[in-house]
Amino acid sequence: MSGSDDHPAAANFVRELVEADNQSGTFGGRVQTRFPPEPNGFLHIGHAKAITVDFETAAEFDGICRLRFDDTNPDTEDTAFVEAILADLAWLGYPVDEPLYASDYFEQLFDWAVVLVEAGHAYVDEQDGDTISRQRGGYGRPGEESPFRDRPIAENLERLASMRAGEQAEGSMVLRAKIDMQAENMQLRDPVMYRIRHAEHHRTGDRWHIYPTYDWAHGQSDAIEGTTHSLCTLEFESHRPLYDWFLERIAESSGLPHDRPRQTEFARLGLTHTVTSKRVLKRLVDEGVVDGWDDPRMPTLRGLRKRGYPAASIREFCDFIGVARTNSRNEIELLESFVRRRLNAVAQRRMAVLRPVRVVVRNWPTDKDGDPIIEYVELVNNPENEADGTRTVPFTGVFWIERDDFMVDPPPKYYRLTPGREVRLRGAYFVTCTGYVTDDDGEVTEVHVTFDPETKGGNAPDGRKVKSTMHWVSAEHAVDVSVALYERLFAVEGPGEATGDVFDDLHPASLELLTDCKAEPVLADTAPGEVVQFERLGYFAHDPDESMLFHRTVGLRDEWANIQKRRQSGG
RNA sequence: UCCCGGGUCGUCUAAUGGUAGGACAGCGGUUUUUGGUGCCGCCUGUAGGGGUUCGAAUCCUCUCCCGGGAGCCA
């Protein structure tokens, strides 16, 4: 993808970098990227950017992108996450048949570790974690060398073998790279390569007792696979010298199977009103604030899917925002604009009322038995695509309209139903409000209107105009549906950021479940997972699991909040 | 405190020494049997100071601001 028809391609310094590499023949014109998730959680909107950067960059240059699970930490990983990631990736549009696993490289990694030890580039440190951490020093503070740093190579080899054999307790010793305890870059102060874990690994079982750290596994895995461009987010920038250091040492000691891969960092996706912190999301799930990882309020890919976001719109959004090194935070409205753009073109229009109020046509005709007659009207399914055809909708003298569509005391510029006013019922008739009924609390319970038989279809023969066209649902034919409304993802803007604990000030997108909504009968034909536009209300996704629950996908350009705002300001 | 990276409309992003442009958001208009869609218009920006140059968002310099960095996480 390099820009849609609607938009020019956005910034993408990665694209330029690869182009430059191809010019100079750095990798012989070869382009290989990788997407390396750790199977310890679900993919979210933030991952979507990394995924498109990795896959689309490769595709653009006729290269390949491999999916590699960075499963180097048995404590947190699980096969279930592997399956979930595979499924979400396929949904996003990047199906992967043969994923790679860092755990498949454990043997090679160990061999290389031995090579580094033999070359005097690594040593076994038997100090505890706190001591090692303390000796590392601090920003602008000197580091201190471990007393084990210069132990004999043979001793290192023997200890490393013992670690691997499972003869050592967790935390008792680690293998460290011998680099520079005075390095300005803290990553270079003798980083840990192996730690001891007697845990069960989801793929290698109990075969290993030592596990490579991210730094020792990542670049080497890239090299084994033949990755040319190792694209990652900005927080790994300070790791790049270490990434290079390992590869250089291996290259000079035993050689590398491919050209040395190069790490390039780009800014991660920041989205307003959205939290992608795994810690916070997990808490929301664990504490039951949301119904699970696929709750439509969640920013996970499966949450967005349930919510009705087309996968293509997420891809297009990622392509549009570009790839840069600037710390940035995109507005969720931009993402939503891509969602709306897609949906507007394909979503079938249906009439529905979320908060119904009953309307009775006082002069509606009856048949010889005294029953109200039924008229049928034609409505276009999707004005953006007439090929979607029309549908026949029954109309009788009693129907529901949106509670907000009737006001006893309307503000200026309110064009909908109000005593004495004539409006158009979409596709049906002109009706004029003649009165209304209220309950003891003054709440309107029923609105009375008269209709003009001459206006069937919605046009007056005398040419008179109405200012408003309203939607309606025949009471006799209405289908009961429930609708879940919620605010945009999560609102983390504001005080939450100042206090430090995001969770405390995070108010999860409020969920309002409306259970007495009425919709056209044809709604029963809507397929689970399908998104329809409830006219004037927004786009709603039919829940894939629960037969009649709809989730609001996005509002129309004027969301309820905006409509509310206009109303308050008199419009 | 030290090191590294970054600073262009409100937001994201173009322009790489030669007219600061686009999208989203906002505002106004228009079309419309959806307060939707479409179309038209408007709005606001090169963090600051010095310097080089005929000419600087772009090059140099100082300052300021933001992000990342001291896991046996990734």
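The values are calculated or read from the model by the stated rules, or taken from the named source; none is laboratory data. Because the structure is a prediction, the values reported are computed rather than measured. We place every Cβ from the backbone using ideal geometry, glycine too, and count neighbours over all the protein chains shown.
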- prompt: A:Val339 passes all but one of (1) within 11 Å of RNA strand B (Cβ to nearest atom); (2) farther than 25 Å from A:Val483 by Cβ; (3) in contact with a helix residue (DSSP H, G or I) (Cβ under 7 Å, 6 or more places away or on another chain); which number fails?
  reply: (2)
statement: In the range A:32-46, residues that are crowded, with 23+ Cβ neighbours inside 10 Å and either in a helix (DSSP H, G or I) or without any contact (Cβ under 8 Å) to a residue 60 or more places away in the chain (or both) total 2
message: Return the residues of the range A:180-233 that are in contact (Cβ under 8 Å) with a residue 60 or more places away in the chain, out of contact with any Phe, Trp or Tyr (no Cβ under 9 Å at 6 or more places or on another chain) and closer than 17 Å to A:Val117 by Cα; say none if nothing qualifies.
response: none
Test: residue in the range A:253-271 that is within 14 Å of A:Gly46 (Cβ to Cβ) and charged (D, E, K, R): yes
- request: Considering each of A:Gly63, A:Gly25 in turn, give the residue that is at pLDDT below 95, away from RNA strand B (no atom under 12 Å from the Cβ) and out of contact with any Leu (no Cβ under 7 Å at 6 or more places or on another chain).
  value: A:Gly25
query: Do we have A:Lys413 as at pLDDT below 95 and on the phi > 0 side of the Ramachandran plot here?
result: yes
task: Please go through the range A:71-108 and pick out each residue that is within 13 Å of RNA strand B (Cβ to nearest atom) and either of a type in the set (Gly, Ala, Ser) or assigned to a loop (DSSP other than H, G, I, E, B) (or both).
output: A:Asp71, A:Thr72, A:Asn73, A:Pro74, A:Asp75, A:Thr76, A:Glu77, A:Ala102, A:Ser103
query: Any residue at all in the range A:362-371 that is part of a loop (DSSP other than H, G, I, E, B) and within 9 Å of RNA strand B (Cβ to nearest atom)?
result: no
Residue check for A:Ser328: of a type in the set (Gly, Ala, Ser), in a loop (DSSP other than H, G, I, E, B) and within 16 Å of RNA strand B (Cβ to nearest atom): yes
- prompt: Any idea how many residues of the range A:326-354 are surrounded by fewer than 17 Cβ atoms within 10 Å (Cβ to Cβ) and of a type in the set (Val, Ile, Thr)?
  reply: 2
task: Of the conditions (1) without any contact (Cβ under 8 Å) to a residue 60 or more places away in the chain; (2) more than 28 Å from the chain's Cα centre (by Cα); (3) part of a helix (DSSP H, G or I), A:Phe246 clears all except one; give me its number.
output: (1)
- line: Filtering the range A:209-228 for residues that are in contact with a Pro (Cβ under 9 Å, 6 or more places away or on another chain) and farther than 22 Å from A:Leu188 by Cβ leaves a count of 5
Members of the range A:258-280 that are acidic (Asp, Glu) and within 16 Å of RNA strand B (Cβ to nearest atom): A:Glu265
statement: Exception for A:Ala312 within (1) surrounded by fewer than 21 Cβ atoms within 10 Å (Cβ to Cβ); (2) over 26 Å from A:Val14 (Cα atoms) falls at (2)
task: Only residues that are more than 38 Å from the chain's Cα centre (by Cα) and on the phi > 0 side of the Ramachandran plot: list them for the range A:365-410, please.
output: A:Gly370
- prompt: Restricting to the range A:348-373, what's the tally of residues that are in contact with a Ser or Thr (Cβ under 7 Å, 6 or more places away or on another chain) and free of Cβ contacts under 8 Å to residues at least 24 places away in the same chain?
  reply: 1
message: Filter the range A:219-257 down to the residues that are polar (S, T, N, Q), buried (at least 23 other Cβ atoms within 10 Å of the Cβ) and away from RNA strand B (no atom under 14 Å from the Cβ) and list them by number.
response: A:Thr227, A:Thr228
message: Condition first: among the acidic types (Asp, Glu) and either within 13 Å of RNA strand B (Cβ to nearest atom) or assigned to a strand (DSSP E or B) (or both). Now tell me which residues in the range A:428-475 satisfy that.
response: A:Glu446, A:Asp452, A:Glu454
- prompt: Condition test on A:Phe55, is it at pLDDT 90 or above, away from RNA strand B (no atom under 16 Å from the Cβ) and within 20 Å of the chain's Cα centre (by Cα)?
  reply: yes
